[in-house]
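Some notes on the structure that comes next.
The values are calculated or read from the model by the stated rules, or taken from the named source; none is laboratory data. In this text, all values refer to a predicted model and were calculated from it rather than measured experimentally. Cβ placement follows ideal geometry from the backbone for every residue including glycine, while neighbour counts extend to all protein chains displayed.
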Amino acid sequence: MIKRKKNRAIVKIPKEFLILSWVSLSGFIIIILVASGLGDKFQQFVSLADSFLHGKLFLLGNTTSYYDAAFYQGHYYWPLGPFPALILLPFVFISSALPWQSYLHPLLILATFVTVFLLGLNITKNRISSFWASFGYIFSTAYIGLATNSTSWTFAQVVENLLIFLAILGIFRKWHPFVIGLFLAAAIATRIDMIFTLIFFLIIFWLKEGKIAEKIKNIFYFLVPVFISLISLVFYNFVRFGSFFEQGYSFQKLVYPEFIANRAAGVWSLVHFPANLFYLFLSGPEPILKHGTQILVFPYLQPNLWGMSIFITSPMLLAIFAANYKNRSVLASALTAFAIFLFVMGYYGIGFMQFGYRYALDFYPFLLIIFLFAVQKKFPNWVKMLIFITFFTNLYLLFL
């Protein structure tokens, strides 16, 4: 009697998937170890959440820092959007003495990684390409500067990025427009320039196949939470500063003379475009020189804290030039990214104490959509190589 061999299905895991998994795990360990300690001194959203629990809109006397706060009529106010403080409320209710931003920060990074992966899966239909895209976005762009720093400024941008990615994912997964609007409303209540992302969502809803009445209904459902968010924000401003449109940036207590001089030229002005453009596109790392000489000493280079070029920290995004701009999602993303780009270029703050040019992270999600469509059919090897090289370059500049 001949014994038949049982056929056992062997699942082959691609080598690049294993490599990306191990590198990603190492990257997240680095983020947890670093981000959990770097933001302890700047927990303004924890302080703001504590103020909300006490029925106040100004920072109380137990705040960890008044740095960058707005001083108005005897009180300090936090000018950034309030939504990150709202998600911290249940944690601060347990204890207002713990650095909750630092504890939640790595979880938000992981959630962003997963959301970008799912978004990539919807666009490319390829797990490996989606993994490359999510790994590249988190570790091989200026986002890594946010990921490894849990201060209030970076915490807000991490929250905003996650919310925007969730809203975009909702478009591709065909979630209810009201749910998509909720995510966008929360993003606007985190960083006000997210109002420009309405360009993307309204274009997509309007160009979607279907009857005009159905399109109008979807847009209505989508805009309801957005309008509620905007109305809440203007009244939040009015109660604090007596103005519907003053967020507090005009009253910030600034330390550095450069910022004082910049703001004197206008909180937003065309005069700020040249400097912002320089740090976004042209600025590089700074040399480390032996004192009194022009001799480079180890580790030779250090980040320029005023900002570094997108071509140094995020070169993978060069792939966007290969995308088909006749695609409605690509075109809508490009228009939205350009609108946000124009807004941040006119802001006086530049984004000091940053890795890369962090304000660009406000429009990076829409560049990533274009990127995903550019690599939809095939993920080029040169892009993979850039992602890996940039990952190690960014780690070198961040930690050496």
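May I ask you to list the residues in the stretch 172-219 that are small (Gly, Ala, Ser) and in a helix (DSSP H, G or I)?
Correct list: Gly181, Ala185, Ala186, Ala187, Ala213.
Output the number of residues of the stretch 376-391 satisfying the condition of being touching a Ser or Thr at 6+ places or on another chain (Cβ under 9 Å) and either closer than 13 Å to Gly136 by Cα or aromatic (Phe, Trp, Tyr) (or both). Spell out how you get there, then give the answer.
Narrowing the stretch 376-391 to residues touching a Ser or Thr at 6+ places or on another chain (Cβ under 9 Å): 376-379, 386-391.
Okay, now just the ones that are also either closer than 13 Å to Gly136 by Cα or aromatic (Phe, Trp, Tyr) (or both), so 379, 386-391.
Residues flagged as touching a Ser or Thr at 6+ places or on another chain (Cβ under 9 Å) and either closer than 13 Å to Gly136 by Cα or aromatic (Phe, Trp, Tyr) (or both) within the stretch 376-391 amount to 7.
Would you point out which residue out of Leu335, Leu361, Leu331 is over 30 Å from Tyr396 (Cα atoms), modelled with pLDDT of 95 or more and buried (at least 17 other Cβ atoms within 10 Å of the Cβ)?
None of the other options fit; the residue is Leu331.
Which of the numbered conditions does Ser102 fail, given that it passes all the others? Conditions: (1) within 30 Å of Ser243 (Cβ to Cβ); (2) modelled with pLDDT under 95.
Ser102 satisfies all of (1) within 30 Å of Ser243 (Cβ to Cβ); (2) modelled with pLDDT under 95 except (1).
Quickly run through the stretch 177-200 and pick out the residues that are touching a residue at least 24 places away in the same chain (Cβ under 8 Å) and touching a Gly at 6+ places or on another chain (Cβ under 8 Å).
Of everything in the stretch 177-200, those that are touching a residue at least 24 places away in the same chain (Cβ under 8 Å) and touching a Gly at 6+ places or on another chain (Cβ under 8 Å) turn out to be Ile180, Ile188, Ala189, Thr190, Arg191, Ile192.
Just for the stretch 70-108: of the residues that are of a type in the set (Gly, Ala, Ser) and under 21 Å from the mean Cα position of the chain (by Cα), which one is nearest to Phe251 (Cα to Cα)?
Here the answer is Gly81.
Being in contact (Cβ under 8 Å) with a residue 40 or more places away in the chain, within 28 Å of Leu397 (Cα to Cα) and β-branched (Val, Ile, Thr) narrows it down to one residue among Val255, Val239; which is it?
Val255
Only residues that are surrounded by 13 or more Cβ atoms within 10 Å (Cβ to Cβ), of a type outside the set (Lys, Arg) and in a helix (DSSP H, G or I): list them for the stretch 235-246, please.
Tyr236, Asn237, Phe238, Phe241
Can you tell me which residue among Phe391, Phe371, Phe343, Phe352 is part of a helix (DSSP H, G or I), in contact with a helix residue (DSSP H, G or I) (Cβ under 9 Å, 6 or more places away or on another chain), surrounded by fewer than 19 Cβ atoms within 10 Å (Cβ to Cβ) and not hydroxyl-bearing (Ser, Thr, Tyr)? It would help to see each step written out before you state the result.
On the way: Phe391 fails: surrounded by fewer than 19 Cβ atoms within 10 Å (Cβ to Cβ); Phe371 fails: surrounded by fewer than 19 Cβ atoms within 10 Å (Cβ to Cβ); Phe352 fails: part of a helix (DSSP H, G or I).
The unique qualifying residue is Phe343.
Just to check your reading of the model, which residue among Ile164, Ile138 is among the aliphatic types (A, V, I, L, M) and out of contact with any Asp or Glu (no Cβ under 9 Å at 6 or more places or on another chain)?
Step by step, each of Ile164, Ile138 is checked, and only Ile138 is among the aliphatic types (A, V, I, L, M) and out of contact with any Asp or Glu (no Cβ under 9 Å at 6 or more places or on another chain).
Here's a check for you: in the stretch 292-307, which residue that is under 23 Å from the mean Cα position of the chain (by Cα) and hydrophobic (A, V, I, L, M, F, W, C) is nearest to Tyr359 (Cα to Cα)?
Result: Trp306.
Per-residue answers, yes or no, for (1) surrounded by fewer than 20 Cβ atoms within 10 Å (Cβ to Cβ); (2) closer than 25 Å to Leu372 by Cβ:
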{"site": "Leu59", "(1), (2)": "no, no"}
{"site": "Leu86", "(1), (2)": "yes, no"}
{"site": "Ala97", "(1), (2)": "yes, no"}
{"site": "Ser102", "(1), (2)": "no, no"}
{"site": "Pro106", "(1), (2)": "no, yes"}
{"site": "Val116", "(1), (2)": "no, yes"}
{"site": "Ser130", "(1), (2)": "no, yes"}
{"site": "Gly136", "(1), (2)": "no, yes"}
{"site": "Thr141", "(1), (2)": "no, yes"}
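Can you find even one residue in the stretch 53-62 that is in contact with a Leu (Cβ under 8 Å, 6 or more places away or on another chain), part of a helix (DSSP H, G or I) and either farther than 30 Å from Val239 by Cα or modelled with pLDDT of 90 or more (or both)?
Yes, the stretch 53-62 contains at least one residue that is in contact with a Leu (Cβ under 8 Å, 6 or more places away or on another chain), part of a helix (DSSP H, G or I) and either farther than 30 Å from Val239 by Cα or modelled with pLDDT of 90 or more (or both).
Could you count how many residues in the stretch 172-191 are among the β-branched types (Val, Ile, Thr) and surrounded by fewer than 19 Cβ atoms within 10 Å (Cβ to Cβ)? Walk me through how you get there before you give the answer.
So the first thing to find is which residues in the stretch 172-191 are among the β-branched types (Val, Ile, Thr), and the list is 179-180, 188, 190.
Filter again for surrounded by fewer than 19 Cβ atoms within 10 Å (Cβ to Cβ), leaving 179.
Result for the stretch 172-191: 1.
Kindly indicate which of Ile204, Ile212 is among the β-branched types (Val, Ile, Thr) and modelled with pLDDT under 95.
The conditions single out Ile212.
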